[in-house]
Amino acid sequence: MSDVELIPVVATETPFFLPLFSCTVPAGFPSPASDHLEDELFDLNRLLLRHPDATYLVRVAGESMAGAEIHAGDLLAVDKQMEADHNHIVVAVVEGECTVKQLVCKGGTWWLMPANPAFKPYEIRDTDEVSIWGVVTHMLHELVPGKLAALLRTRD
Amino acid sequence: MFGLVDANNFYVSCERVFQPRYEKRPVVVLSNNDGNVVSRSAEVKALGIQMGAPYFEVKELLKANNAAVFSSNYALYGSMSARVMYCIAQRVPAIEIYSIDEAFLDLHGLEQHLTPYLGRLDNLAHTIRTDVKRRTGIPTCVGVAPTKTLAKLANRLAKKLPDLDGVLYLDSAERQAWALRQVAVGDVWGIGRQYAAKLMAAGIDSAADLARVSDAWARKHLGGVVGARLVQELHGRPCSGLHPSEDGTLSRQSISCSRTFGRPLTGYTDVLAAVTTFLSRAAEKLRAQGDIAYVLTVYISKNRFAPHVLPPYSRSATLTLPGGPTADTTVLLSYASSLLGRLWEPGTAYHKAGVVLDGLEPPGTGQQLSLFSSPPAATQPDNEREEKTSQASRPGLMASLDALNQRFGRGTVRLATALPAPAEPAVPGGSNRPAWEGKAQWRSPAFTTRLEDLLLVN
């Protein structure tokens, strides 16, 4: 006969912190290969973006949206899945070129409005000529010169 | 039911997502080294330019039609492919990633149970199609049918016939029979060029003709049970299910990596640099699937189309690794360089090299100790230290190497042998590209994977 020893199971009282998943993804797309646990960082893409897998990062060139605090060198998160609506800031394709403007509906007509008096508003007359590439959901502007500022310097 | 989602001229479509100015213009993407046409927009197909056509042959025609020409940009295509696959995978129970731009879908039971699509898998297919287009900008076509072979065939027709609006659902026997009549036998999945010629000679021209052959005939003339299964699949009786996807779960039986060089190479160190790079890549794939390799093959080829080149055009050397199986790049390289040395003919211009790893197994399975290899203690004391550093596998080092390259980009940490020879200093201001690397004159930016390359908007 063998003795059976009872080992008491103690209920844990201390709170249990679950670490967040984070993966380094350049354009907000989750790569299954890079899943790994990290206990300090969390992923801004997952935290802020509505549709990370449908979001693309683009870089601003020029100051046509300066009045909306969007400046050259800023990063924009552009959601291709979202339906564009009145007052959204969008990336639009005008005659084959990408541009960031505010989509505005005024008296039954749609306009692409710059936020800079030096640029002209564009009236959308022909839907063949203009399409909406995506809706800008977030903007990343560097307050302390860093990688984006360095990029801007190398480009020009 | 199975589905097959296939992107329409995927590489061209990826280029157009980020460069909408090419939306209505003819566009081609060229293969590695800018050699052949590998992706054609509809406008280019209409010009009669065939898939795989050598670029120099169609250059003038493309130019005359104001076509845009791109070098292949695999960083972009790979990243867009992952987005497309992710989007599809969210809609269906299981997918098999068949290639960079194709996925099979498992739709079993959905026609009975998925509420909004009761009996209407074509509606599900349309949803997937619009969803992929909206989230990635990539146009696709979807075929739905009772077998993978028929799904592939349905997809082909969905692409070919614009009236179908990108979706073909072969739900009834009548539709299946109709679809079989539309497709030439050579375009059936699994029928290669040689079988196609053989079948046509036997009077079998369409998929419908092929579906009519007897089981015995198929076994005799179409490679045994494989051919018999193919015919069964055409009848709508599934003979194969989904295979595990490429994202890590599908283990390869052998791993190879090869490239045609950008220009012919005569220097041993240049070719060795190429072999090292290919070997590093293959070993990385080997470790990613958790295997070790028993057999290593190295081959080098001359350009058989160049004047005054004598056969043999290609020479290869294979070695069963004397030190036992390994996944260690440095160990593999020591063997690869001796194999290359055996193949090398001085004064010859080589234009391609490759490595193949065979006999892949997870470590510890069926591994047999070699009868003749000397146990470590028996090595001569003089050689012992050297032996250890050159032969011992270092899984920890390899894991760190892979982790660094994954985190900071491929090629961040490389073997020094892979670097361009120091005798050829980098051109000031130019790129420090190794001699073997191909031409890619018209490569677009890596819009989705490099901060420096992000799309610029005004």
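The values are calculated or read from the model by the stated rules, or taken from the named source; none is laboratory data. Remember, it's a predicted structure, so these values are computed and weren't measured experimentally. We place every Cβ from the backbone using ideal geometry, glycine too, and count neighbours over all the protein chains shown. What goes into the accessible areas is simple: the full protein's heavy atoms, side chains included, and nothing from ligands, DNA or RNA. Shrake-Rupley method; radii C 1.70, N 1.55, O 1.52, S 1.80 Å.
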Of the residues in region B:1-41 that are under 28 Å from residue A:58 (Cα atoms) and among the small types (Gly, Ala, Ser), the one that is surrounded by the fewest Cβ atoms within 10 Å (Cβ to Cβ) is B:31
Matching residues in region A:84-96 - criterion: being facing another protein chain (nearest Cβ under 9 Å) and outside any strand (DSSP E or B): A:95, A:96
Can you say whether residue B:62 is in a helix (DSSP H, G or I) and under 17 Å from residue B:29 (Cβ atoms), as far as the supplied structure shows? yes
Quick one: is residue A:115 closer than 20 Å to residue B:15 by Cα, modelled with pLDDT of 95 or more and buried (at least 16 other Cβ atoms within 10 Å of the Cβ)? no
Residue A:72 being within 16 Å of residue B:457 (Cα to Cα), more than 10 Å from chain B (Cβ to nearest Cβ) and of a type in the set (Gly, Ala, Ser): no
Flag if residue B:126 is part of a helix (DSSP H, G or I) and surrounded by fewer than 21 Cβ atoms within 10 Å (Cβ to Cβ): yes
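The rows are residues; the columns are (1) out of contact with any Pro (no Cβ under 8 Å at 6 or more places or on another chain); (2) farther than 18 Å from residue B:360 by Cβ; (3) not in a strand (DSSP E or B).
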residue: B:274; (1), (2), (3): no, yes, yes
residue: B:279; (1), (2), (3): yes, no, yes
residue: B:296; (1), (2), (3): yes, no, no
residue: B:308; (1), (2), (3): yes, yes, yes
residue: B:311; (1), (2), (3): yes, yes, yes
residue: B:319; (1), (2), (3): yes, no, no
residue: B:330; (1), (2), (3): yes, yes, yes
residue: B:337; (1), (2), (3): yes, yes, yes
Filter region B:1-57 down to the residues that are within 30 Å of residue B:127 (Cβ to Cβ) and polar (S, T, N, Q) and list them by number. B:8, B:9, B:13, B:19, B:39, B:41
Exactly one of B:91, B:135, B:83 is within 14 Å of another protein chain (Cβ to nearest Cβ), touching a residue at least 24 places away in the same chain (Cβ under 8 Å), open to solvent by 40 Å² or more (accessible area, probe 1.4 Å) and over 30 Å from residue B:184 (Cα atoms), and that residue is B:91
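Here's the yes/no breakdown for (1) in a loop (DSSP other than H, G, I, E, B); (2) touching a Leu at 6+ places or on another chain (Cβ under 6 Å); (3) more than 14 Å from chain B (Cβ to nearest Cβ); (4) modelled with pLDDT of 55 or more:
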position: A:2; (1), (2), (3), (4): yes, no, yes, yes
position: A:11; (1), (2), (3), (4): yes, no, yes, no
position: A:14; (1), (2), (3), (4): yes, no, yes, no
position: A:24; (1), (2), (3), (4): yes, no, no, no
position: A:27; (1), (2), (3), (4): yes, yes, no, no
position: A:30; (1), (2), (3), (4): yes, no, no, no
position: A:47; (1), (2), (3), (4): no, no, yes, yes
position: A:53; (1), (2), (3), (4): no, no, no, yes
position: A:64; (1), (2), (3), (4): yes, no, no, yes
When residue B:98 is run through (1) under 25 Å from residue B:207 (Cβ atoms); (2) open to solvent by less than 60 Å² (accessible area, probe 1.4 Å); (3) at pLDDT below 95; (4) within 24 Å of the chain's Cα centre (by Cα), the failure sits at (2)
How many residues does region B:45-71 contain that are open to solvent by 90 Å² or more (accessible area, probe 1.4 Å), in contact with a helix residue (DSSP H, G or I) (Cβ under 9 Å, 6 or more places away or on another chain) and closer than 17 Å to residue B:443 by Cα? 0
Looking at A:133, A:110, which one is more than 14 Å from chain B (Cβ to nearest Cβ), in contact with a strand residue (DSSP E or B) (Cβ under 7 Å, 6 or more places away or on another chain) and of a type in the set (Phe, Trp, Tyr)? A:110
